[in-house]
Amino acid sequence: MKKYNIGWGLTNACNMNCKFCYSKETRDSSKNLGVDDWIKFIDENHQLIESINYGTGENAICNDFFTFLDHVRSNYPDIKQSLTTNGYLYESISKDDEKMDIYKRAIDEVDVSLDFANKEKHNSFRGQPSAYTWAINMLKQLKKDLKLSTIVFVGFEETMQKENIDGLFKIAKENNAILRLNIYRPVSENMEINRKFTLSYNTLMNTLNYIGTNYKIIGLSDILLGNLLTNQENIVENTGVDSIRILPDGNICPSTYLIKDEYKNKYNILQPNVLEKIKFETFENAPIPSDCNNCSLKDKCRGGVYDRRILWHGTLEERDPYCPLENNDTIEKTKYKVLKKDRISVHDGYLPTMFFKN
């Protein structure tokens, strides 16, 4: 039986004003469903769900989020639950014993957003004067509770500089956390923002080489970069296949980043037993670009990450924009040894993402 790894934004509400936000335009123009709708969906579809990561808005703002966490854990304990938070989860649970109890029982993993190791830079970037403090307090709480924790940062030119990378690894070490990288995607309607935050090929490769040399790459669930730079086997592209995204209005998309109308108007959690019906054929039968025909990685990489190919080129017929051959480079790269046996995180295999540790 096929089971889905789901990313789910229960609420559009957010207490930050991030300069790069990939979901702001969609959140601003859509509504939220309610806890009764969430529960009905999970009751009907639980057998087809492997894991849920709650993201998009700041779910910890919403009291019903904790009610739903408790419902899922009490009734379907085999479903792994994790949360991506800007750190505000700490503010919620530290002041409410019932929420603290639900957090301890129901959340298996917490992903804390922290883009800059420098407090002032992070607060400014997130548009929230408490952003850094919330993130650090959350990481300390996770360390105290012995919970699996990751620090997730968005990869663009400024965050990928050596000083910031070293600083993030220092914070991760202090808090027994894994460091996770998501490359910025140009999803904004504002082209100036896209140009500002889109990461260059050279910076990406230089930074990954720096990390591989000075720290440990523990997993690249990115079908291009994983096959290019590591000895990992069987890296697959799950976008729209067994990895999906649920928006706060209930619409189901194939990816965190593919959330425009063309991807979200077919399936909704309000439809009965909807997970039995989902089929994103574009991704289940994705073509290998003809430009890949003479590449030695063709059968492994298969053209690269789906959402990047669509967001950069508008089609899956083109190669990943970070393919070395797209950038007049060679595919002969240093291969970093990865001792990966099990699924590292709820995000491993759900998103094309990268995991590192000290």
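Values in this text are rule-based calculations from the coordinates and carry no lab data. All figures in this text were calculated on a predicted structure; none of them were measured in a lab. Here Cβ is always computed from backbone atoms with ideal geometry, including for glycine, and neighbour counts include all displayed protein chains.
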Bridge orientation stat for region 27-138 from DSSP, antiparallel percent rounded to 5, came to 0 percent
A correct fewest-to-most ranking of Ser124, Ser74, Ser221 by other Cβ atoms within 10 Å would be Ser74, Ser124, Ser221
Rounded to the nearest 5, the percent of DSSP beta bridges in the chain running antiparallel is 25 percent
Calc'd 3J(HN,Hα), region 277-283, phi into Karplus 6.51 cos²θ - 1.76 cosθ + 1.60 (θ = phi - 60°), Hz, glycine/Pro = x, comes to 9, 5, 7, 8, 4, 3, 9
Ranked output for segments 334-344, 52-62, 102-112 by mean other Cβ atoms within 10 Å, highest leading, reads 52-62, 102-112, 334-344
CD proxy, 222 nm, the chain: helix-only mean residue ellipticity via -39,500 (n - 2.57) per DSSP H run with n ≥ 4, per residue, nearest 500, stands at -10000 deg cm²/dmol
Most exposed to least, judged by fewest other Cβ atoms within 10 Å, Lys173, Lys277 sort to Lys277, Lys173
Sorted by chain and then number, the residues having a modelled amide H within less than 5 Å of the amide H of Val152, at least 5 places away or on another chain, are Val112, Ser113, Leu114, Arg180
For Met191, Met354, Met138, Met205, ascending order of other Cβ atoms within 10 Å (fewest first) is Met191, Met205, Met354, Met138
Taking Cα pairs closer than 8 Å and at least 6 residues apart, the relative contact order of the chain in percent is 20 percent
